[in-house]
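Only one structure is covered here, and it is reproduced in the block below.
The values are calculated or read from the model by the stated rules, or taken from the named source; none is laboratory data. Quick caveat, the model's predicted, so the values are computed rather than measured. Backbone-built Cβ (ideal geometry, glycine too); neighbour counts: all protein chains shown. Each accessible area value is taken on the protein alone, full model and side chains, heavy atoms only, with ligands, DNA and RNA left out. Shrake-Rupley method; radii C 1.70, N 1.55, O 1.52, S 1.80 Å.
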Amino acid sequence: METIDAPFITRSPASHRAVAMTIVVPCHNEEEVIDETVRQLLALINGQVAAGRCRPDSKILLIDDGSTDRTWQLIERLAAGFPGRIAGLKLSRNVGHQYALLAGLSHAPGDVLISIDADLQDDIEVIPRMLDLHFKGHEIVYGVRSRRASDTRFKRLTAEGFYRLMLRMGVDIVDNHADYRLMSRRAVEILRQYGEVNLFLRGIVRLIGLPSAQVSYERRERLAGETKYSLVRMGALAIEGITSLSVAPLRVISTLGLLTSLFALGVGVWVLAVALTNPAAVPGWASTLLPISLIGGIQILSIGILGEYIGKIYLETKRRPRFIVDRSVGMRETRDARRADNAYVW
């Protein structure tokens, strides 16, 4: 078995040194919020720099995930207005939130990287607490939603159902944690060694296994615009997470197969008993239709689940790029051969 050595980075003692922090923000059609988002994040960074906790080269990296509005033009304007503090990556097409976030984490510099959504529903005021925990030796700090008062009842119910389903299917995730987290450089370098195409970062980050902690916060109202996570997309994310990190559905198929076999055996014994005790009896249509319908439905469901896993294998074997960087602003290209995808540094 191949052994992968994780890059070593010495942890800061309790009397910490200032760190270079990069805030990674995936964006998809965020023209309504991006200016305010950058304003608030820059104010927070400046406060941490003034307090001696972050270095002056701390910055924001904005990733345009195939937006169809003016998001990229605004990123270019912001990068020109704040040289050295704002930079951007434009992906060649819309690849989805998870891949866009991975693109940012793969290219961002810094001692610590913090990922957050552009709508700022996640409270940025807990970032200093994340840094406190990092200075105490935690390599990963998860932002956990303690309350979702800003969400509709339907949104809360579906979100709770999502996390319960994931946990029941054996996926190791942090309850009520999305993708708001702090990761040390060491943790990010380990994350980059996970090369799977079927990406579910909330589960993969848990597999890293480095010292971690959690901070709680209340979810806020979205600054503007609409959520990008519809019920359909949340369901697709759940399927992606389950099939990427758990074999529980396959075990469910085995259990259903066993139960169906026992059911069929019981029906067979009943039919045989009727035939032996009452030769003139004609079995009813229910005793014929019910087993056929039940077994047929289970077979179709099982084939669908198997197909989902086979599809995952198919995608993994192709080894296609997970994302392609079309252009960048505020960054320069590097020839670092260790980077698996298009690579840029500040």
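Tallying residues that are within 30 Å of Ser92 (Cβ to Cβ) and either without any contact (Cβ under 8 Å) to a residue 24 or more places away in the chain or open to solvent by 50 Å² or more (accessible area, probe 1.4 Å) (or both) within the stretch 30-46 yields 5. The set of residues from the stretch 245-259 being part of a helix (DSSP H, G or I) and aliphatic (A, V, I, L, M) comprises Leu245, Ala248, Leu250, Val252, Ile253, Leu256, Leu258, Leu259.
Would you please name the residue that is farthest from Ile208 (Cα to Cα), looking only at residues in the stretch 255-276 that are exposed (fewer than 11 other Cβ atoms within 10 Å of the Cβ) and either modelled with pLDDT under 75 or in contact with a His (Cβ under 6 Å, 6 or more places away or on another chain) (or both)? Ranking the qualifying residues of the stretch 255-276, first place goes to Leu276. In the stretch 153-175, the residue that is most open to solvent (accessible area, probe 1.4 Å) out of those that are within 16 Å of Gly203 (Cβ to Cβ) and charged (D, E, K, R) is Arg168.
May I ask you to verify whether Gly203 is among the small types (Gly, Ala, Ser) and either touching a residue at least 60 places away in the same chain (Cβ under 8 Å) or not in a helix (DSSP H, G or I) (or both)? Considered against the rule, which asks whether it is among the small types (Gly, Ala, Ser) and either touching a residue at least 60 places away in the same chain (Cβ under 8 Å) or not in a helix (DSSP H, G or I) (or both), Gly203 comes out as no. Only one of the numbered conditions (1) in a loop (DSSP other than H, G, I, E, B); (2) among the polar types (S, T, N, Q); (3) at pLDDT 75 or above is violated by Ser146, and that is (1). For the stretch 18-25, the count of residues that are in contact with a strand residue (DSSP E or B) (Cβ under 9 Å, 6 or more places away or on another chain), modelled with pLDDT of 95 or more and over 23 Å from Arg220 (Cβ atoms) is nonzero. Of Gly241, Gly225, Gly195, Gly235, all but one fail to be at pLDDT below 75, out of contact with any strand residue (DSSP E or B) (no Cβ under 9 Å at 6 or more places or on another chain), assigned to a loop (DSSP other than H, G, I, E, B) and not polar (S, T, N, Q); the exception is Gly225.
Among the residues of the stretch 288-313, those that are of a type outside the set (A, V, I, L, M, F, W, C) and under 22 Å from Val252 (Cβ atoms) comprise Pro291, Ser293, Gly296, Gly297, Gln299, Ser302, Gly304, Gly307, Glu308, Tyr309, Gly311, Lys312.
Screening Arg251, Arg327, Arg322 for residues that are under 32 Å from the mean Cα position of the chain (by Cα), open to solvent by less than 40 Å² (accessible area, probe 1.4 Å) and at pLDDT 75 or above leaves exactly one candidate, Arg322.
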